[in-house]
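The values are calculated or read from the model by the stated rules, or taken from the named source; none is laboratory data. All values derive from a computational prediction rather than experimental measurement. Counting neighbours? That spans all protein chains shown, and the Cβs are built from the backbone with ideal geometry, glycine included. With ligands, DNA and RNA removed, areas are computed over all heavy atoms of the protein, side chains included. Shrake-Rupley method; radii C 1.70, N 1.55, O 1.52, S 1.80 Å.
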Amino acid sequence: MQWFAQAPANIALIKYMGKKNSSNNTPMNDSLSYTLNKLTSNVALEACPGKRDVWESLDTPGLPPFELSQQAQTRFLAHLAFLKEHFNYKGAFIVRSNNNFPMGSGIASSASSFAALTRCAVRALSELTEEGLPDNDTQAKLSQRGSGSSCRSFYTPWALWTDTGVRAVTTIPYTDLYHQVILVSHEEKSVPSSQAHELVATSPAFEGRQKRAHDNMKSLLIAFEHKNWREAYEICWREFMDMHNMFQTSSPSFDYMNEATNELLIQLQKDWEQYGDGPIVTMDAGPNIHLIYQQSQREIADRFKRDFLIGNYDVL
Ligand code: DP6
């Protein structure tokens, strides 16, 4: 028997960074994300004899096999084991997965891949155990155990993840945005985000982070509701810089910003000053820069791409 599911990535504007409890990924602060419906992970499950689950690439004709490090495979299979335990199911599966975005693009895939695995596994397990299919909220909660940010991928276009759970936000008047990622580096991150969550607690800036994230969230939701795009850009900039400042002041410190990122960030600020308009800019725990435009800003997006990106960076 076989099952298949797909789930999108998401980009946080108010970041989940730091955990209250790492065994179930309880976040230190609330986070807000926009769902990237074009960047997806696929998971197929096949029931097989025996007790041991195995991971394989989900092959797409014409494309090279998808690769996943041994460590990532172990983490993926551990989440499947947790889901099987939840359903009290003892059988084994072949898990096949891939992403529709290029491997080694430096784009975090844990949100989409864990959401797709959860979606696929709950379908398979509820059928095999003849239990009812858990609702979307329950699936998101189960997915959080695998990777925190994956719970936000169950809601679109906006997801708000708080202490009490995750839900769609319907009060943000921007429902169809245009997202680009500047691939500043194709390399695998030296410090994975799971480790970043632990290290930030050693930064002097960690104290006060909950309040800053809370204030940024409040102001951002108001800016969005008032359709104040510039204010939203400024809050989001402050927010990702706040997270990167914690990285830079942790012990040991770590940094995803490099010369290219810094140059591009300066250019983006200059453009905003010059034209009085531009994208929301954000960065996750990596060197790539995410740009979020309104559909009416396509010309601005094309101009920035033509003037600064083409020939220098891949853009997704
Ligand atoms: C910087 O969800 O990858 O992207 O719960 O340990 O799997 P784990 O962490 P993860 O953290 C994502 C951190 C971030 C910000 C965000 O997406 O909110």
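State all residues of region 225-234 that are touching a residue at least 24 places away in the same chain (Cβ under 8 Å) and either in contact with a Ser or Thr (Cβ under 8 Å, 6 or more places away or on another chain) or polar (S, T, N, Q) (or both); if no residue qualifies, say none. Of everything in region 225-234, just one residue is touching a residue at least 24 places away in the same chain (Cβ under 8 Å) and either in contact with a Ser or Thr (Cβ under 8 Å, 6 or more places away or on another chain) or polar (S, T, N, Q) (or both), namely E225. Here is the figure for region 23-55: residues that are farther than 30 Å from I292 by Cα and basic (K, R) total 2.
Within region 160-171, residues that are assigned to a loop (DSSP other than H, G, I, E, B) reach partners that are exposed (fewer than 13 other Cβ atoms within 10 Å of the Cβ) and at pLDDT 95 or above with beta carbons closer than 8 Å, at six or more positions or on different chains, in the pairs D163/T26; T171/E225. Within region 11-26, the set of residues being part of a loop (DSSP other than H, G, I, E, B), more than 7 Å from the ligand (Cβ to nearest atom) and either in contact (Cβ under 8 Å) with a residue 40 or more places away in the chain or within 18 Å of K211 (Cα to Cα) (or both) comprises G18, S22, N24.
Taking the stated definitions as given, is V191 in contact with a Gly (Cβ under 6 Å, 6 or more places away or on another chain) and either buried (at least 20 other Cβ atoms within 10 Å of the Cβ) or touching a residue at least 60 places away in the same chain (Cβ under 8 Å) (or both)? When the stated conditions are applied, V191 does not pass them. Filter region 25-53 for residues that are of a type in the set (A, V, I, L, M, F, W, C) and either within 13 Å of the chain's Cα centre (by Cα) or under 15 Å from A116 (Cα atoms) (or both) and give the result. Scanning region 25-53 gives L32, L36, L39, V43, A44, L45. Being without any contact (Cβ under 8 Å) to a residue 12 or more places away in the chain, hydroxyl-bearing (S, T, Y) and either within 16 Å of the ligand (Cβ to nearest atom) or part of a loop (DSSP other than H, G, I, E, B) (or both) narrows it down to one of T74, T60, T118, so name that one. The match here is T74.
Restricting S149, S109 to those that are closer than 22 Å to W3 by Cβ, within 13 Å of the ligand (Cβ to nearest atom) and touching a residue at least 12 places away in the same chain (Cβ under 8 Å) reduces the list to S109.
Could you look through region 1-10, keep only residues that are outside any loop (DSSP other than H, G, I, E, B), in contact with a helix residue (DSSP H, G or I) (Cβ under 8 Å, 6 or more places away or on another chain) and open to solvent by 10 Å² or more (accessible area, probe 1.4 Å), and pick out the one that is nearest to N98 (Cα to Cα)? My answer is Q6.
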